[in-house]
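Notes for the one structure printed next.
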Amino acid sequence: MIRFDRVTVRYPDNGPAPLRDVTLRVEEGELCLVAGRTGAGKSTLLRAINGLVPHFTGGTLHGTVTVDGRDTRTHPPRDLADVVGVVGQDPLSGFVTDTVEEELAYGMEQLALPPTVMRKRVEETLDLLGIADLRNRPLRTLSGGQQQRVAIGAVLTTHPRVLVLDEPTSALDPTAAEDVLATITRLVHDLGVTVVLAEHRLERVVQYADRLLYLPGDGRVVDGPPAEVLADVNLVPPLVELGRLAGWTPLPLSVRDARRQATELRQRLARATPSWPPPATEPATALSARRIVVRHPGTVAVAGVDLDLHTGQIVALMGRNGSGKSSLLWAVQGSGPRQGGAVTVFGPTGAVDPRRLPAHQARRHVGLVPQTPGDLLYLETVDAECHQADRETGVPAGTCRALLDQLAPGLPGDRHPRDLSEGQRLALALAVQLTAAPPVVLLDEPTRGLDYDAKRRFASLVRGLAAAGRSVVVATHDVELVAALADRVIVMAEGEIVADGATAEVMLASPAFAPQVAKVLAPAPWLTVEQVAAALGAAREPA
Amino acid sequence: MVAWPRPDDGVVPPTRMAEVTVDRGPTTGAGRGMVRLPRALHPGAWWLWALGLATAASHTTNPLPLALLVAVAALVVVRRRGDAPWALAFRMYVWLGAVIVAMRVVFRVVFGGGQGEHVLLRLPEIPLPEWAAGIRLFGPVAAEQVLGGLYDGLRLATMLICLGAANALANPKRLLKAVPGALYAVGTAVVVALSVAPQVVESVLRVRRARRLRGAPGRGMRALRAIALPVLADALDRSLALAASMDSRGYGRTAAVPAGQRAVTGALVLGGLVGVCAGTYGLLDATGPDRLGLPMLLAGLAAAVAGMLLAGRRIRRSRYRPDRWRPAELLVAGCGVTAAALTMLAGAVDPEPLYPPVSPLTWPELTPLVLLAVAAAALPAWLAPPPPLTRTARPPSAPTGVTAAEAVRAAVPPTRVPGGRA
């Protein structure tokens with residue numbers, strides 16, 4: 001279906017070629033997963049399939065890419081629209097019209113399909129994706145998961161034989177992501193569509209994949225069945241890590257596979273108990289919020305929430321998109337709207353409400369890194385941002401740079417912030433905010449777009465902050481990260497706190513939030529591979 | 001084959017059903033004895049109707065027919081508008097009309113001239129220097145003078161309110177969709193711009209809020225730079241993403257057109273549109289020369305249509321659920337044209353009642369022809385099918401109730417997918 005024949009892609013900036021001499025074939029009806037670090041060339045590979053590389057992005061492509069017998073050299077993306085459907089990371093930015101029904105029809109209008117066919121296909125697609133009740137809704141009022149399903153529907157109406165999806169679930173909460181992935185697997189099984197899918201969180205999709213294309217980052221593409229490729233790759237979901245630890249072959253890719261192999265492991269662990277980080281002795285309260293109310297026009301985002309944060313504690317804030325997480329963080333920081341309630345920060349200068357302080361004072365008490373860290377950055381180079389942060393805060397020159405070197409060592413100072421990777425940009429924004437040395441640090445969805453490696457570095461960075469006595473709140477959808485990082489988990493829904501407790505307690509209580517290891521080893525309360533490894537190591541030593 | 005639900009079945013909310021059954025069109029030939037389903041009328045029909053009303057209004061200063069025309073426009077809007085945001089714009093046009101009338105009257109009082117015998121009140125006159133001879137500030141206010149301003153203002157306000165009615169009745173975006181194929185690219189650009197604007201506002205607000213996090217104020221030159229750069233970068237990213245998406249979804253698949261033909265079509269369309277504008281002006285402005293009116297309009301229209309047909313033939317594209325001209329559309333447009341024609345006829349027969357003199361003061365009169373014109377203008381309130389209500393019961397912020405488990409369950413039965421490719 002898709003053939004790459006000795007393909008090399010180079011961009012004009014003289015950097016290393018993202019793809020070098022790649023030859024591969026994707027057969028009809030396969031679900032092919034593309035994995036690799038950020039910047040390893042996943043998007044280049046995906047965009048080369050429908051000719052966006054190089055027709056749209058520039059750069060040079062050597063070799064040939066053919067899709068369904070059509071060479072992308074002679075067929076620009078618009079002439080492949082009836083064969084390849086492309087869905088991007090942010091569905092909203094790809095929408096051309098403004099209601100669901102018109103968006104579904106847009107692609108067909110371009111292909112000049114007869115009106116009767118269009119009418120029929122729109123109805124089919126609405127039903128296929130379960131979005132029939134949304135047909136008249138404006139696209140902007142849909143939730144993230146709904147938008148992503150509409151975006152998939154909008155390319156499906158032209159009946160493409162190949163579907164290319166670039167990280168379709170990265171912005172979605174776990175449930176919405178499951179919805180989208182269920183839709184995709186259903187398309188593969190029912191319609192026989194060939195799917196090429198890039199995804200950071202392998203644990204969500206690797207079980208459905210027929211093939212794995214792994215991009216190590218040097219321009220090569222490692223190609224093979226998922227279990228084989230993952231065996232010698234350091235970029236693996238927790239399930240595979242557990243499998244390696246327990247020595248299972250073949251490596252399990254789904255919870256079901258792992259659970260069937262895990263009987264013996266569960267027995268070995270029967271007598272051990274997971275090691276928990278010792279609870280801090282009488283943690284001091286760093287921030288106390290009472291009856292916080294945030295109203296947006298038409299909705300109540302936060303409905304009278306009480307929140308206490310303790311020094312040295314990492315709190316994960318979870319809940320579906322639109323449940324009020326961001327509104328709560330902004331209200332606590334004092335920069336966002338807050339219609340009721342009181343916040344007290346027990347900072348270096350005594351108890352204060354950050355809302356009553358001017359903005360430059362408030363950030364010395366509570367630091368917040370917003371969902372798009374790039375919003376904080378506006379200067380041309382990393383060094384300029386660091387100097388500006390020092391000046392704004394009134395601290396000795398070099399403070400911000402020193403912080404940045406702790407967070408992300410060796411970041412070139414003359415680089416433009418927009419040229420940094422997601423992880424590096426996050427580190428820079430965090431360093432800027434930490435320059436003010438706030439005792440409470442709030443992070444709004446920091447792990448969006450981070451690969452396993454960057455996430456691991458981010459986790460150790462946050463642990464460092466907590467160890468230094470700061471209170472950290474991380475709003476996130478990433479269950480595995482929470483399991484490995486947080487001391488305490490708060491779950492929000494409809495503007496209220498529905499669960500608040502120790503990580504194990506909250507995460508083991510519901511299957512939606514349980515990490516993979518917990519699902520495999522249930523009913524025993526294990527959360528992470530590290531815990532299992534520690535317990536196994538301890539069991540082996542006395543023997 | 002799966003039986004698909006009738007397109008309009010799901011759209012008719014129960015509350016509308018009552019009206020559907022009651023609302024028969026006794027006077028329409030096509031709809032006689034048949035239940036009319038709610039549907040949106042072709043936006044062009046509403047615009048033609050409204051232009052007809054505006055033309056009628058432009059041919060008289062008599063306050064009685066003008067007031068009746070405003071009432072008719074309001075009646076039709078109230079009976080036949082949908083529940084979309086633009087449908088509420090009518091009130092704004094009425095306000096604007098009231099402001100225009102008030103301005104006219106105030107201007108007449110201020111720069112009065114003071115002709116007229118029936119002086120209502122005497123304001124102190126402000127003496128002006130020599131060179132401003134002929135202009136008077138304040139002074140005695142005569143009833144004739146106020147009435148003249150009122151008539152004049154009312155005519156302008158009525159024309160504006162008629163166009164406002166068209167705006168409230170027809171979806172502006174659907175009108176864009178109805179543009180001929182040759183103007184398709186322009187239409188797309190406008191639609192994209194309309195949807196990008198709120199996104200830019202959103203990102204300005206977001207970045208401004210983020211500014212506060214760095215402890216910087218949201219005002220001043222420096223803040224402008226700090227806000228403008230991220231917003232611009234954001235807008236650029238978005239437009240690139242949109243362009244990539246449009247490209248990969250087949251936008252711009254056109255057949256190659258030779259340059260000569262492109263020039264001819266362009267000239268025809270542009271020249272035609274200029275002709276249409278000039279013709280419309282000539283027609284609406286009673287003082288203009290006669291040859292600028294109808295002949296110019298028709299010639300321009302013909303040129304534009306020819307150009308668009310020529311250009312449209314080259315475009316390989318189809319329309320999803322296009323608005324069609326059906327009997328109801330023709331009737332509505334016909335009502336507007338009839339109203340305009342009857343008023344013009346009335347003017348030709350006896351211009352006196354259409355322009356009631358303010359001096360001497362006379363009571364304005366209605367002639368049967370003008371009354372007939374107003375009646376014709378009011379007919380669409382019954383002739384047009386009721387509008388569909390698009391409002392869904394679900395509030396926009398409510399998330400889907402579908403859980404992952406449900407989605408998986410839904411995925412399990414191997415649903416037959418109709419229309420699958422061979």
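The values are calculated or read from the model by the stated rules, or taken from the named source; none is laboratory data. A quick note: this is a predicted structure, and the numbers were derived from the prediction, not measured. As a convention, Cβ positions derive from the backbone with ideal geometry for all residues, glycine included, and neighbour counts pool all protein chains shown. Areas reflect the complete protein model, heavy atoms only, side chains present, ligands, DNA and RNA absent. Shrake-Rupley method; radii C 1.70, N 1.55, O 1.52, S 1.80 Å.
Values computed for the structure shown
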| item | result |
| --- | --- |
| Segment A:118-201, relative contact order [Cα under 8 Å, separation at least 6], % | 32 |
| Using a Förster distance of 60 Å, the FRET efficiency for A:T141-B:A375 (Cβ separation, nearest 0.05) | 0.90 |
| Cys with no candidate disulfide partner in chain A (beta-carbon separation under 4.7 Å rule) | A:C32 |
| Sites A:D98 and A:E505, calculated FRET efficiency, Cβ-Cβ separation with R0 35 Å, nearest 0.05 | 0.20 |
| Shape of segment A:11-99, Cα gyration tensor, a/c cut at 1.5 | rounded |
| Karplus-derived 3J(HN,Hα), 6.51/-1.76/1.60, for each residue of segment A:74-85, Hz, glycine and proline x | 9, 10, x, x, 5, 7, 9, 4, 7, 10, 10, x |
| Total accessible area lost when A and B pair, probe 1.4 Å, Å² to nearest 100 | 7000 |
| Label-point separation, B:W95 to B:L240 (7 Å along Cα→Cβ), nm | 4.2 |
| Selection of chymotrypsin sites (Phe, Trp or Tyr not before Pro), segment B:36-134, meeting DSSP coil and at most 15 other Cβ within 10 Å | B:F111 |
| Surface share of carbon and sulfur [accessible, 1.4 angstrom probe, percent] for segment A:2-235 | 47 |
| Occluded residues from segment A:65-100, i.e. those whose accessible area drops by 50 Å² or more once the chain is not alone (1.4 Å probe) | A:R78, A:S93, A:V96, A:D98 |
| Hydrodynamic radius by Kirkwood, which averages 1/r over all alpha carbon pairs of chain A, in angstrom | 25.1 |
| Share of carbon and sulfur in the accessible heavy-atom surface of segment A:285-509 [1.4 Å probe, %] | 50 |
| 3J(HN,Hα) from dihedral phi, segment A:236-246, Karplus parametrisation 6.51/-1.76/1.60, rounded to Hz, x for glycine, proline | 10, x, x, 4, 5, 4, 4, x, 5, 4, 7 |
| Proximal charge balance of B:G153 [Cβ under 14 Å; K/R count +1, D/E count -1] | +2 |
| Net charge of neighbours whose Cβ lies under 11 Å from the Cβ of A:G340, counting Lys and Arg as +1 and Asp and Glu as -1 | +4 |
| Gyration tensor verdict on segment A:2-235 (Cα atoms; rounded if a/c is under 1.5, prolate if a/b is larger than b/c, oblate otherwise) | prolate |
| In segment B:78-174, the GluC sites (Glu not before Pro) that fall in loop regions by DSSP, at most 15 other Cβ within 10 Å | B:E117, B:E125 |
| DSSP loop GluC sites (Glu not before Pro) with at most 15 other Cβ within 10 Å: longest gap in chain A | A:29-379 |
| Net charge of Cβ neighbours under 12 Å - reference A:T44; Lys, Arg +1; Asp, Glu -1 | +3 |
| Theoretical gain in end-to-end length, B:V200 to B:W325 [0.36 nm per residue, Cα-Cα removed] | 41.3 nm |
| Shielding of A:356-365 by partner chains, average beta-carbon count, 10 Å | 3 |
| Residue-averaged 222 nm ellipticity for chain A, from DSSP H runs of 4+ at -39500 (n - 2.57), nearest 500 | -10500 deg cm²/dmol |
| Chain A: angle of helix A:100-110 to the longest principal axis, Cα-based, in degrees nearest 10 | 40 |
| Cα-centred dipole magnitude for segment A:2-235, charges only on beta-carbon of K, R (+1) and D, E (-1), debye, nearest 20 | 500 |
| Solvent exposure of segment A:285-509 as accessible area per residue, Å², 1.4 Å probe | 36 |
| Minimum 40 Å² accessible area buried by the other protein chains, segment A:176-200 residues, probe 1.4 Å, relative to alone | A:D179, A:A182, A:R186, A:D190, A:L191 |
| Global form of segment B:82-180, assessed from the alpha-carbon gyration tensor, a/c cut-off 1.5 | prolate |
